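Colleague: Can you keep this structure in mind? I'll have questions shortly.
The values are calculated or read from the model by the stated rules, or taken from the named source; none is laboratory data. This is a predicted model, so every value here is computed, not measured. No Cβ is skipped: glycine too gets one built from the backbone with ideal geometry, and neighbour counts run over all protein chains shown.
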Amino acid sequence: MRTARTRPIRSKVAALLLVPLVSLVAIWVYAADLTGRAALAQRKYHTLNDQFAASGQGLLVELGKERQASVVYLSGPRKAASTPAALTAQRARLDKAVATFRRTSTSDAARGATTAEMRSRVSDVLKALGGLGELRAAVDGRTIDRLTAVNDYSSMVDVMHRLYDSLIVIDDASLYNWTLSDRAAGRAMELLQRENALVAGALVTHGRMTAAEHRMFLEMLGEQRWQWQRQRSLADPKVYARLTAPVFASTQYHAYKDIEDQIAAHDRGPLPISAWQWQETAQPLVLSVNQMIMANTNGAAARADRLGRDAYLRLGVVGGAGLLVIALSVLLALRFGRGVVRELVGLRGSAEELADERLPRLVERLRRNEAVDVEAEAPALPRGRTSEVNRLAESFAKVQRTAVDAAVGQAELRAGVGRIFLNIARRNQSLLHRQLTMLDGLESRAEADDLEALFRIDHLTTRMRRHAESLIILSGATPGRGWRRPVHITDVLRAAVAEIEDYTRAVVLTESEDGLVGAAVTDVVHLLAELLENAASFSPPNTEVRVMAERVGNGFCVEIEDRGLGVKPETLAEINRRLAEPPEFDLVDTDRLGLFVVARLAARHGIDVSLHRSPYGGVTAIVLMPHDLVVPADRMDEDPALLDGATDAPAVEAPADDGEPGASGDADAPSPDGERDGAEPVDAEPAERGPVQAVPSDAGPAFMGTPYTDAPFGGTPRPEVVTRAEVVPDVGVFARREPAPGESPQPGSAWPVPVPLREAPPVLPQLAGPATPWGRPDDAPPAAPPHGPRG
């Protein structure tokens, strides 16, 4: 199943708040862009007006004057030897106007405010003005007529008007129309100047116009009046009435209009006006129209300035207020978003603290049987400002209380089960101890024919006692048996071997004469017995289990090696992990009780137990006991109080057979006949016996689980003959051989001897005496195992 992608709450809250914020920022940017564009357009208009309006208008006026002067010169007598002073002066004024226009139109301010198209139009104007020298030379040489001169000068003016048309860049509709109206007035004025030049030239030649000139006059007249009508239609009525209407209402305009009408109607002969009359009418009107156009231009510029200021004000309001709103929105979003996130993160932190710290700490305290205050361990969570989060916190508090109650309940259940185990185990231990005492008495008085059966019952009872002690260990208590004096390692190993069913398969290899402190003897014997029984249970019955013991650099090492099929590496790793870190006893995991027992015992004394793959494919268990548990051989006879770690075993009351605390479980307790168990060996010579039947295993610990079902020896029954072992004197290694039917043990044989189960190796020495020797003198008869204390 495909799992959904998860994201932290911070990302989701950030995304939730980011969308409206981004939308708000986008709207603000759009509004600011519109306002900013308007402000920039007004600024651009103002810049273009400053750079082109005055200089361009002056250039147009001077071009018109030079055009008229040139036409008048061309209309004059050809016998004039030089250019008139008036024309020369006018050319100087035009050159000055051209220089001014060139400077302003190519300035950095103008280039920054113009587009590529505008700059191209400026280049066209400057290029056209560059032809003034050639045109003037033609005029001076009289190589052109006056109509051609009018057209050539007018072509330069047309280029200027195309430049002005491209300079209209304004978004305001009223200002745009005002500018178009002003441009129409400028074209109308240009047509007035063309008429003036044409009529002035004709008046020099006695008032006669050629047909072409008259036709051009009519065309200019029609276009001029159309431009005035267009100017009026585009202009604001109030502006028109204030700036333009006075010109058209003046007597000068009406007189000029009457003269235009007369010239238009007179297509033949001299013009019906005199030169003086034309000059008195046309020139003042041209000046008035020029002033009117400049007033309109300045008025448009003033309006552009007002619009620019308004645009900048709007930009400031929109930009500043928008930024303020955005900043306020961000602050509020961060505040509320962080508040929600903080509450949720705090709730998550409480859950993690409960799962990772408080519950494990609580369980650990419960394992140590400490008192736990449920109210203190499940405190109420701090309330937030969000109702949904508060309800979630309340629900989590209930879950927290339930989890703590469940942990306490589980601990109480485990404690109750442990007390049940302990009570039952103590009862069984007491009964089994009394049973072993009774068996000792029966064995000392039994006939040879009954002794074998008693030995078998004795061995089964010893194993039952070990299982009862396992329950005591699992319940967290300690068995009641203990020793004050150190015990030889060899006797500890013997006692452990004697605890298992197939003790005859065990081969003990050691030359150590060191001892083990008395306080650890019972637990070490139990630990080794669990490992030995596991090794014997999970290996073929015809193989041996080797036990090797020696002192090493880090303590004393016991290796238990079997020749079974082994376990899987992952299972071996899991077992070693549990041995290194003893887990809490789980009532469900009942097929590995031995693992819990070994882990508990090893942890109690700081013993390191690990399992590895043996060279035969089976398992090798390595038990490493620390130095403080081992007593060197040369200090075995010292006072236990002077030995490091050789402290007295704790006095634990073992329950009597009725379950109440009764006789002490200390192994130092006297036997019913007044002697200590194992104080004296039994000298009775056992009768010669035949083969002994093996005792089936009924309750092995087997903490590695069920043996492999495909094992080659899995279905093979136990051997019917218990093997013998004899010592190799020079190395002390036990070798096995099969006894002949009815064969008696030979003198000089060492432990283990070929006797029934009760003739297992002596389990432990007497409490205050020396350890039982490994063998007997060669001339001594084989003795029955002593009735000593059992490991």
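Colleague: Looking at region 193-220 only, could you name the residues that are among the small types (Gly, Ala, Ser) and without any contact (Cβ under 8 Å) to a residue 60 or more places away in the chain?
Modeller: Within region 193-220, just Ala211 meets the criteria.
Colleague: Do you know which residues across region 456-478 are of a type in the set (A, V, I, L, M, F, W, C) and either modelled with pLDDT of 80 or more or not in a helix (DSSP H, G or I) (or both)?
Modeller: Ile457, Leu460, Met464, Ala477
Colleague: Oh, and also: How about region 303-343: which of its residues are modelled with pLDDT of 80 or more, among the aliphatic types (A, V, I, L, M) and over 35 Å from the mean Cα position of the chain (by Cα)?
Modeller: Hits for region 303-343 are Leu313, Val317, Ala321.
Colleague: Follow-up question, since we're still on this one. Scan region 479-517 for residues that are within 23 Å of Asp562 (Cβ to Cβ) and hydrophobic (A, V, I, L, M, F, W, C) and jot them down.
Modeller: Those that are within 23 Å of Asp562 (Cβ to Cβ) and hydrophobic (A, V, I, L, M, F, W, C): Ile489, Val492, Leu493, Ala495, Ala496, Val497, Ala498, Ile500, Ala506, Val507, Val508, Leu509.
Colleague: Could you run through region 247-273 and say how many residues are assigned to a helix (DSSP H, G or I) and either exposed (fewer than 14 other Cβ atoms within 10 Å of the Cβ) or touching a His at 6+ places or on another chain (Cβ under 7 Å) (or both)?
Modeller: Number satisfying all stated conditions: 7.
Colleague: If the Cβ limit is 8 Å and pairs must be 6+ apart or interchain, which residue in region 378-407 that is basic (Lys, Arg) pairs with which residue that is in a loop (DSSP other than H, G, I, E, B) and surrounded by 12 or more Cβ atoms within 10 Å (Cβ to Cβ)?
Modeller: Listed by first residue and then by second, the contacts come to Arg401/Ala378.
Results for (1) modelled with pLDDT of 90 or more; (2) of a type in the set (A, V, I, L, M, F, W, C); (3) closer than 19 Å to Gly594 by Cα; (4) not assigned by TED's automatic domain parsing to the domain that holds Ile489, shown as yes or no for each residue.
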{"position": "Glu530", "(1), (2), (3), (4)": "yes, no, yes, no"}
{"position": "Glu533", "(1), (2), (3), (4)": "yes, no, yes, no"}
{"position": "Ser539", "(1), (2), (3), (4)": "yes, no, yes, no"}
{"position": "Met548", "(1), (2), (3), (4)": "yes, yes, no, no"}
{"position": "Leu572", "(1), (2), (3), (4)": "yes, yes, yes, no"}
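Colleague: Restricting the search to region 383-418, which residues are in a helix (DSSP H, G or I) and hydroxyl-bearing (Ser, Thr, Tyr)?
Modeller: Across region 383-418, the qualifying residues are Ser387, Ser395, Thr402.
Colleague: Given the criterion assigned by TED's automatic domain parsing to the domain that holds Met220, among the β-branched types (Val, Ile, Thr) and assigned to a helix (DSSP H, G or I), identify the matching residue among Thr148, Thr83.
Modeller: Matching residue, one of Thr148, Thr83: Thr148.
Colleague: Mind checking which residues of region 315-333 are more than 30 Å from Leu40 (Cα to Cα) and in contact (Cβ under 8 Å) with a residue 24 or more places away in the chain?
Modeller: If the condition is that a residue be more than 30 Å from Leu40 (Cα to Cα) and in contact (Cβ under 8 Å) with a residue 24 or more places away in the chain, then Ala333 is the only one that fits.
Colleague: Something else about it: Please give the helices (runs of 4 or more DSSP H) falling wholly within region 92-142 in which 1 or more residues are within 59 Å of the chain's Cα centre (by Cα).
Modeller: Helices (runs of 4 or more DSSP H) meeting the threshold: 108-113, 116-129.
Colleague: Condition test on Ala282, is it among the small types (Gly, Ala, Ser), in a helix (DSSP H, G or I), modelled with pLDDT under 90 and out of contact with any strand residue (DSSP E or B) (no Cβ under 9 Å at 6 or more places or on another chain)?
Modeller: When the stated conditions are applied, Ala282 passes them.
Colleague: Moving on. Out of all the residues in region 453-478, which are more than 18 Å from Ile420 (Cβ to Cβ), surrounded by 21 or more Cβ atoms within 10 Å (Cβ to Cβ) and not β-branched (Val, Ile, Thr)?
Modeller: Phe455, Asp458, His459, Arg463, Arg465, Arg466
Colleague: Leu48 - would you say it is assigned to a helix (DSSP H, G or I), in the same structural domain as Arg314 (by TED's automatic domain parsing) and surrounded by 20 or more Cβ atoms within 10 Å (Cβ to Cβ)?
Modeller: yes
Colleague: Right, here's the next one. Take Thr590 and tell me if it is hydroxyl-bearing (Ser, Thr, Tyr) and at pLDDT 90 or above.
Modeller: So Thr590 does not fit the description; no.
Colleague: Right, another one. Every residue in region 142-189 that is acidic (Asp, Glu) and surrounded by fewer than 22 Cβ atoms within 10 Å (Cβ to Cβ), please.
Modeller: Asp145, Asp152, Asp158, Asp165, Asp171, Asp172
Colleague: Report every pair of residues separated by at least 6 positions or lying on different chains whose Cβ atoms are under 7 Å apart, first residue within region 338-350 and touching a residue at least 12 places away in the same chain (Cβ under 8 Å), second among the polar types (S, T, N, Q) and outside any helix (DSSP H, G or I).
Modeller: Val340/Thr386; Glu343/Thr386
Colleague: Can I ask one more? Of everything in region 258-285, what is under 28 Å from Thr179 (Cα atoms), in contact (Cβ under 8 Å) with a residue 60 or more places away in the chain and touching a helix residue (DSSP H, G or I) at 6+ places or on another chain (Cβ under 6 Å)? Give them in sequence order.
Modeller: Glu260, Ala282, Leu285 - these are the residues of region 258-285 that are under 28 Å from Thr179 (Cα atoms), in contact (Cβ under 8 Å) with a residue 60 or more places away in the chain and touching a helix residue (DSSP H, G or I) at 6+ places or on another chain (Cβ under 6 Å).
Colleague: Return only the number of the condition from (1) under 22 Å from Arg183 (Cβ atoms); (2) modelled with pLDDT of 90 or more; (3) of a type outside the set (Asp, Glu) that Ala89 does not satisfy.
Modeller: In the conditions (1) under 22 Å from Arg183 (Cβ atoms); (2) modelled with pLDDT of 90 or more; (3) of a type outside the set (Asp, Glu), Ala89 misses (1) alone.
Colleague: Let me ask something else about it. For region 593-621, which residues satisfy the criterion of being crowded, with 20+ Cβ neighbours inside 10 Å and modelled with pLDDT of 90 or more?
Modeller: If the condition is that a residue be crowded, with 20+ Cβ neighbours inside 10 Å and modelled with pLDDT of 90 or more, then Val598, Ala599, Leu601, Ala602, Ile607, Val609, Leu611, Ser614, Gly618, Val619, Ala621 are the ones that fit.
Colleague: Can you confirm whether Gly207 is on the phi > 0 side of the Ramachandran plot and either surrounded by fewer than 21 Cβ atoms within 10 Å (Cβ to Cβ) or assigned to a helix (DSSP H, G or I) (or both)?
Modeller: yes
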